[in-house]
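Just below is one structure, and these are the notes that go with it.
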Amino acid sequence: MSGGMQMTRAVLMRDLKIAFRSGGGWFYALFFFAVFTALTAIAFGPQLSALASAAPATVWLAAALAIQFAAADAFEGDMRDGSLRAMAAEQGGLFNYWLAKAGALALTAALPMIIAAPFFLTMLGIAFAKGVAMAIILAMGAPALLFIALLTAALASGLRAGGLLATIIAAPFAAPVLVFGVSAARITLADGGLISPEVLILGALSLFMLAVTPVFAIAALRVSLE
């Protein structure tokens, strides 16, 4: 195994151990997702038609905010204790480090929400089968939200109130994902189909963010280290 992949594995395993400790951070994203969905259900009242119409926007907004909050301090600990600087000097690059952070966020924040989404959507009057279809669509766009969250966390790293700043910075980047995600979910609720132009655009946005965001995130981290 190359040195870069060893670092990826080491950082990933370390972050997973931290996240899954008692009271670890993995729970907070899922908890936020659940509470946001429950509060929406309470706010719209018992009318199933109103709940169902709000479900697509609710699930995507909840997922975007939960992932953003989970990633807000992704780099702060390593910057404070100097380990990020040491890894940058030792490896000569931070792509494997970024890859480990993306993997950890996917496993601890995005994946639990996608799995739990069909159950939470029943609170909004969505049948479980259609909730599964909406979760599949969420899985198409969640990588884009994840990469955006890591990019904005890197841009805000080392700054006071960085978590809040990252959330503000993420808004314009996440807007296209939310627009097409909500549209795709509404189409699925209407006709039950999983394949639509909006779903394909979600996949394209995820691939685009995968190609673009690591470059800018790594550059932002290097600026923060100087």
Here are Ala88, Ala57, Ala72: which of them is more than 30 Å from Glu226 (Cα to Cα) and either buried (at least 18 other Cβ atoms within 10 Å of the Cβ) or hydrophobic (A, V, I, L, M, F, W, C) (or both)? Ala57
Among the residues of segment 91-105, how many are closer than 30 Å to Ala133 by Cα and surrounded by fewer than 16 Cβ atoms within 10 Å (Cβ to Cβ)? 0
Total residues in segment 26-39, condition of a type outside the set (Gly, Ala, Ser) and at pLDDT below 85: 3
Ala89 vs. criteria among the hydrophobic types (A, V, I, L, M, F, W, C) and free of Cβ contacts under 8 Å to residues at least 40 places away in the same chain: yes
Any residue that is closer than 18 Å to Pro112 by Cβ and either without any contact (Cβ under 8 Å) to a residue 24 or more places away in the chain or surrounded by fewer than 19 Cβ atoms within 10 Å (Cβ to Cβ) (or both) - is there at least one of those in segment 37-49? yes
Could you say which residue among Val177, Val182 is under 30 Å from Met79 (Cβ atoms), assigned to a helix (DSSP H, G or I) and not small (Gly, Ala, Ser)? Val177
Among residues of segment 118-129 being closer than 13 Å to Leu51 by Cβ and touching a helix residue (DSSP H, G or I) at 6+ places or on another chain (Cβ under 8 Å), the residue surrounded by the fewest Cβ atoms within 10 Å (Cβ to Cβ) is Thr122
Within segment 92-129, work out how many residues are of a type in the set (Gly, Ala, Ser), farther than 26 Å from Arg222 by Cβ and without any contact (Cβ under 8 Å) to a residue 40 or more places away in the chain. 2
Residues in segment 190-206 that are surrounded by 13 or more Cβ atoms within 10 Å (Cβ to Cβ), in a helix (DSSP H, G or I) and without any contact (Cβ under 8 Å) to a residue 40 or more places away in the chain total 4
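The values are calculated or read from the model by the stated rules, or taken from the named source; none is laboratory data. Every value quoted in this text rests on a predicted model; they were computed, and no experiment measured them. A quick note on method: Cβ atoms are made from the backbone with ideal geometry, for glycine too, and the neighbour counts reach across all protein chains shown.
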